[in-house]
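The values are calculated or read from the model by the stated rules, or taken from the named source; none is laboratory data. All values reported here derive from a predicted model rather than from experimental measurement. We place every Cβ from the backbone using ideal geometry, glycine too, and count neighbours over all the protein chains shown. These accessible areas exclude ligands, DNA and RNA; they are computed on the full protein's heavy atoms, side chains included. Shrake-Rupley method; radii C 1.70, N 1.55, O 1.52, S 1.80 Å.
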Amino acid sequence: MAMVVIMVGAAFVMLVPLAKEPASAPVDDLPARTQAGVREVSYTISNIGESYLKDSSDGARGTHGSTPGLSEWWQSRQINYSDTIAHNSFPYYVAYQPESGSNNYKFINHLPYGTYGYYRLAIDAKNLTTVATGPTKDPLYLPILGGGSYAGGLAMDGGTVKLNWHFTYLTTNDKDRMVAGTHYANTYYGVVASVLAPFDSVQYPNDGWYVELTGTTEFDRLGAAKFLGLEAGTSLIDQFNAANTPLTPGAQGPMNQSWWENWLADGRDVTPPKTPAGPYNIFACYDWDINSGPSRNTFLMVDPVLSTPDKLVLRSWACIWGIEYLMLRYMDVQGLQPNFIASPEDWYFNATISTAGANITSRMAAVYHMTTWKDTNWWGPAYMLEAQHVDYNDWMEGWTSRFFWYMAIDDTGPTRVQYEPGTNNYGQEAAYVCTPTLWNLASNERLVVKLPTGPHMGYVPYVGIVDDAFPKQGGGNDAKVAEMNTHKMWGELVLGPGTLPSGLYNVTNYSAATKTLTINGPTNFAPNMNPHAGFTDLYETGVPKLMFDVAKVSTYDMTFPGGTPTAPGDYTLRVTAKNVTGIVVADWNGTVTLAVTGASIVGGVMTHTFVPGTGIWDTTLRIPSGGAPVTVTSTDSLFKLDVTDSITFTPTVIPEFPTLLMPVMMAAAMIVVFIRRRPKKDEE
């Protein structure tokens, strides 16, 4: 969106161009702080298309840096799984077969693959009463090491605890250095190299299964008593070191082992020690049991700088398959993230949890959610970002996952139309691969989406020809990806008109100037129901369903080849289709509509559909007499909010010839009169 204001008579010109911000790596390690007040939760989606490499240096300790790229596990995943890197530069895309390996759709159409873009999801939650440490309260994230030799327990007041954690995946470099004892896990977190020796038996430790948790966990006196079983009176540092001393040299400390055993019980067992049972089990969203492969590892050690006798700060490190999905399960149960759940990496999780409530901040790079798709009436590239739950199978005994009703049975469905570009069954009914949800924001909840301002790439919808199988057993599909990349299109990412509910596509919710969509709760969205008989009680898509389209044209630039009008008359108005970088789009075939105040278009033709060739349309603007301001606005017929342009100018009206000469003639007459009336003595 751009606006040009021109004041011709005053020789004043003001141009306000479309602002473009350079992309940069997000800064995400934000601590949560306790404050009183009502519950507030803000969800922010940003950094669409961006991905940054993991930094395994001792200083970074596993966080992702500012170097763009897809980390090592994405290359490794193609060897053992179906994942294939579709676009290995901005904007980053990965393609894979998204159905659960447990699902069997032999007699029904299925989605051959999904192509997914990256985005950053930030959650800022304040004054949560569903997360607390008070008596009988279990904040979930922390094991309660009660019973046995530990005196703590659920009934106790847990005071204030602080979690500053980061989750991402291991690389080969991480594994090699950890086993050698030279990794930051060894030197900073106290990980014993001999305990990690089984990693050497793993062929692919870098394939995105091994999750590394790093950070700190802080306890006051009450928290140390409830969660660690430490006593009052003596130094917390001394007590913890004594309680976590390995029973045999080279083994894990007792607290280390109890910690991961508690997490595994939650994520695996249908009857875990916490209630309600079942919702913490990760199988339906992870497609595998929670475990740590050949090695089960949690290491806790006292931070010698931050700890005091009355405040215990533990450097915390863990490596467990599926621990990230267990954390998502906890957030789901607590009502913090039941929708828009994606597969996380480079995830910062910071929480301050007190007796009565908590503040939590979460920042993650999200993938396997924002899908390449097709928008309504637009045959250009698009993303679909629908509200969805993370469950995508229902094969765990003992409880029912959210996906149960959406799992296709034999040839009966349910199905919905799939619009994944390049699939051989594009535009046909296919089995669901996710659990769509209806997400109505509560009071004091807000969803914000910040679209990028620079050039963006997407895939034009098409029916594929190359075989579209992405084998679960590995190998990916490089040939299909090569075909997909012959259907790329660059442009500007804009809010798509197919967004649901349709009422979100307006200037109240969306600012084209800042490219920001804001949805404030409470909302009362209507669901988008499946139209097929027998399945009308299921959702066709999640709501909100946000569509982001790649618009080839970003502005219809308006100029006057003969110069800006300065007097009444007819003037050629040139409308030029330009992309986000200001280049003329010669092959454009879209439609523009003009709106004019203070003047008129000769012939009254206000709409024009471009024919590929020049990207230019010349029309005639008629300026009336009177010198009133003139405004001309150009708007795309489809992307009405983003692709619009405006010029305003005020002509300097030049008077007609007789009027112009009147002051001169009057002056001449006055001179004549003055001469005739001179005194007679002057004539003598």
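What to note about this one:
- Among the criteria (1) without any contact (Cβ under 8 Å) to a residue 12 or more places away in the chain; (2) in contact with a strand residue (DSSP E or B) (Cβ under 8 Å, 6 or more places away or on another chain), the one Gly59 does not fulfil is (2).
- Residue check: Pro139 meets all listed conditions (1) touching a Gly at 6+ places or on another chain (Cβ under 7 Å); (2) in a loop (DSSP other than H, G, I, E, B); (3) open to solvent by less than 10 Å² (accessible area, probe 1.4 Å) but one, namely (1).
- Listed conditions (1) modelled with pLDDT of 95 or more; (2) within 19 Å of the chain's Cα centre (by Cα); (3) under 23 Å from Phe525 (Cβ atoms); (4) of a type in the set (A, V, I, L, M) are all met by Val390, apart from (1).
- Criterion violated by Asn339 - all others in (1) open to solvent by less than 10 Å² (accessible area, probe 1.4 Å); (2) touching a Ser or Thr at 6+ places or on another chain (Cβ under 6 Å) satisfied: (1)
- Subset of region 184-236 (residues that are hydroxyl-bearing (Ser, Thr, Tyr), part of a helix (DSSP H, G or I) and open to solvent by less than 50 Å² (accessible area, probe 1.4 Å)): Tyr184
- Test: residue in region 354-377 that is under 20 Å from Val161 (Cα atoms), outside any strand (DSSP E or B) and at pLDDT below 95: no
- Each residue in region 356-380 was checked for being touching a Lys or Arg at 6+ places or on another chain (Cβ under 8 Å) and either farther than 25 Å from Asp55 by Cα or surrounded by fewer than 21 Cβ atoms within 10 Å (Cβ to Cβ) (or both), and 2 pass.
- Residue within region 53-61 that is in contact with a helix residue (DSSP H, G or I) (Cβ under 9 Å, 6 or more places away or on another chain), within 22 Å of Trp209 (Cβ to Cβ) and among the polar types (S, T, N, Q) present: yes
- Note on region 597-651: residues that are of a type in the set (Lys, Arg), touching a residue at least 60 places away in the same chain (Cβ under 8 Å) and either part of a strand (DSSP E or B) or over 30 Å from Tyr510 (Cα atoms) (or both) amount to 0.
- Residue in region 316-342 that is farthest from Phe199 (Cα to Cα), counting only those that are outside any helix (DSSP H, G or I) and in contact with a Gly (Cβ under 7 Å, 6 or more places away or on another chain): Ser316
- Residues that are free of Cβ contacts under 8 Å to residues at least 60 places away in the same chain and touching a Pro at 6+ places or on another chain (Cβ under 9 Å), drawn from region 414-462: Tyr419, Tyr426, Gly427, Tyr432, Tyr462
Condition check ((1) more than 30 Å from Ala356 (Cβ to Cβ); (2) of a type in the set (Phe, Trp, Tyr); (3) at pLDDT below 85) across all residues:
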| residue | (1), (2), (3) |
| --- | --- |
| Pro22 | yes, no, yes |
| Leu30 | no, no, yes |
| Gly37 | no, no, yes |
| Thr44 | no, no, no |
| Ser51 | yes, no, no |
| Ala95 | yes, no, no |
| Ile108 | yes, no, no |
| Tyr116 | yes, yes, no |
| Lys126 | no, no, no |
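- The residue that is nearest to Ala482 (Cα to Cα), among those in region 57-102 that are among the polar types (S, T, N, Q) and open to solvent by less than 20 Å² (accessible area, probe 1.4 Å), is Thr84.
- Scanning region 38-57 for residues that are closer than 16 Å to His166 by Cβ, assigned to a strand (DSSP E or B) and over 16 Å from the mean Cα position of the chain (by Cα) yields Leu53, Lys54.
- Taken over region 559-596, the criterion of being without any contact (Cβ under 8 Å) to a residue 60 or more places away in the chain, assigned to a loop (DSSP other than H, G, I, E, B) and either open to solvent by 50 Å² or more (accessible area, probe 1.4 Å) or in contact with a helix residue (DSSP H, G or I) (Cβ under 9 Å, 6 or more places away or on another chain) (or both) is satisfied by Pro561, Gly562, Ile583, Asp587, Asn589.
For (1) open to solvent by less than 30 Å² (accessible area, probe 1.4 Å); (2) touching a His at 6+ places or on another chain (Cβ under 6 Å); (3) aliphatic (A, V, I, L, M); (4) in a loop (DSSP other than H, G, I, E, B), each residue gets a yes or a no:
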{"position": "Thr514", "(1), (2), (3), (4)": "no, no, no, yes"}
{"position": "Leu517", "(1), (2), (3), (4)": "yes, no, yes, no"}
{"position": "Pro522", "(1), (2), (3), (4)": "no, no, no, yes"}
{"position": "Ala526", "(1), (2), (3), (4)": "no, no, yes, yes"}
{"position": "His532", "(1), (2), (3), (4)": "no, no, no, yes"}
{"position": "Thr536", "(1), (2), (3), (4)": "no, no, no, yes"}
{"position": "Asp549", "(1), (2), (3), (4)": "yes, no, no, no"}
{"position": "Val553", "(1), (2), (3), (4)": "yes, no, yes, yes"}
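- For region 142-161, residues that are among the aliphatic types (A, V, I, L, M) and either open to solvent by less than 50 Å² (accessible area, probe 1.4 Å) or modelled with pLDDT of 95 or more (or both) total 4.
- Qualifying residue in region 286-293 (condition: open to solvent by 10 Å² or more (accessible area, probe 1.4 Å), in contact with a strand residue (DSSP E or B) (Cβ under 9 Å, 6 or more places away or on another chain), at pLDDT below 95 and within 30 Å of Val417 (Cα to Cα)): yes
- Looking at Thr508, Thr518, just one residue is free of Cβ contacts under 8 Å to residues at least 60 places away in the same chain, hydroxyl-bearing (Ser, Thr, Tyr) and more than 22 Å from Trp373 (Cβ to Cβ), and that residue is Thr508.
- Candidates are the residues of region 106-126 that are assigned to a loop (DSSP other than H, G, I, E, B) and open to solvent by less than 20 Å² (accessible area, probe 1.4 Å); the one that is nearest to Tyr368 (Cα to Cα) is Tyr113.
- Of all residues in region 463-482, none are in a strand (DSSP E or B) and either open to solvent by less than 10 Å² (accessible area, probe 1.4 Å) or at negative phi (or both).
- Subset of region 247-270 that is assigned to a helix (DSSP H, G or I), open to solvent by 10 Å² or more (accessible area, probe 1.4 Å) and among the charged types (D, E, K, R) - its residue that is nearest to Tyr330 (Cα to Cα): Arg268
- Looking only at region 393-416, and only at residues there that are touching a strand residue (DSSP E or B) at 6+ places or on another chain (Cβ under 6 Å) and under 20 Å from Val543 (Cβ atoms), the one that is modelled with the lowest pLDDT: Arg402
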